[in-house]
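Every number in this text was worked out from the coordinates using simple rules, so none of it is lab data. Quick caveat, the model's predicted, so the values are computed rather than measured. Backbone-built Cβ (ideal geometry, glycine too); neighbour counts: all protein chains shown.
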Amino acid sequence: MPIRSDEDSESPTREASEHEGDAFDPDLPLAVFLVGGKEALGPLAFDRFVSLYVREFPQILFLSIGIMDQSVVDGGVDGSGNFEGTREAQRLRKRTRENLRLYLEGARKLGLKVSCRVSVSVDTAEEIARLSDGLSAAYPKAVYFLGKLVFQKPRWFHWWLHRSTSDTIRKKLEERGRPVTVLPVVVPP
């Protein structure tokens, strides 16, 4: 269940700055780069994207979902037990947006047209799939890119710790007919 995304309305936490984004050409290929919560995975996946695909995609949209999980809910409870969910969701949205700053700057340095979208939800895969409907309608040449940790020597606890969110997102996008490219980030033994 989405709380609010940048495309839905102007929110008090939406930052107006030079980093809001460039206008995209719907006739050109658009890379929709999904940025998740793992700090190390995103930059490594973006480096793979740059080395393999940057020449094919003159414009890139960074998409990130802030997860409204128990820690956010707990943070929204004041001393009297009242929940201030809207305010906490706005803070989560702002933090999620700020996490995209380095990606936006890096892509601009490469000469790409860039923009970003941020949303807050309890289900990352569902929210990305929902947002993909509008994005793919507006930009028919959109291709979705996501990073995935790949362990050279997998252990029993890797799945438990990393839960394969990228596989779930990939499957949901493919079910909607969206082209998806997985950028493997290999973890040595």
Next item on the list: Please turn the phi angles of the stretch 128-143 into ³J(HN,Hα) values with the Karplus equation 6.51 cos²θ - 1.76 cosθ + 1.60 (θ = phi - 60°), one per residue in order, whole Hz, x for glycine and proline.
Entry: 4, 4, 4, 5, 5, 4, x, 5, 5, 5, 6, 10, x, 9, 6, 10
Note to self: I want to check the label-to-label distance for ASP123 and VAL187. Put each point 7 Å from Cα in the C-beta direction and report it in nm to one decimal.
What the structure shows: 2.7
Checklist line | Built amide H within the under 5 Å cut-off of PHE151, gap 5+ | finding: VAL187
Check: So for the pair ARG130, GLN152, with labels modelled 7 Å out along Cα→Cβ, what separation do we get in nm?
Finding: 4.1
Checklist line | Peptides 174-181, 45-52 ordered by average Cβ neighbours within 10 Å, highest first | finding: 45-52, 174-181
Next item on the list: Please list, in chain and number order, the residues 5+ apart from PHE62 or on another chain whose amide H is under 5 Å from its amide H, with Hs placed from the backbone.
Entry: PHE33, SER115, CYS116, ARG117
Margin query: I want to check the label-to-label distance for LEU28 and ARG95. Put each point 7 Å from Cα in the C-beta direction and report it in nm to one decimal.
Written below: 3.5
Item checked: Added length on full extension, which subtracts the Cα-Cα distance from 0.36 nm per residue, ARG176 to LYS141 -> 11.2 nm
Next item on the list: Kindly write out, for the stretch 165-171 in residue order, the coupling ³J(HN,Hα) from the Karplus curve 6.51 cos²θ - 1.76 cosθ + 1.60 (θ = phi - 60°), rounded to whole Hz, with x marking Gly and Pro.
Entry: 4, 4, 5, 5, 5, 4, 4
Next item on the list: Quote to one decimal, in nm, the extra length available between VAL50 and THR168 on full extension: 0.36 nm per residue of separation minus the C-alpha distance between them.
Entry: 40.1 nm
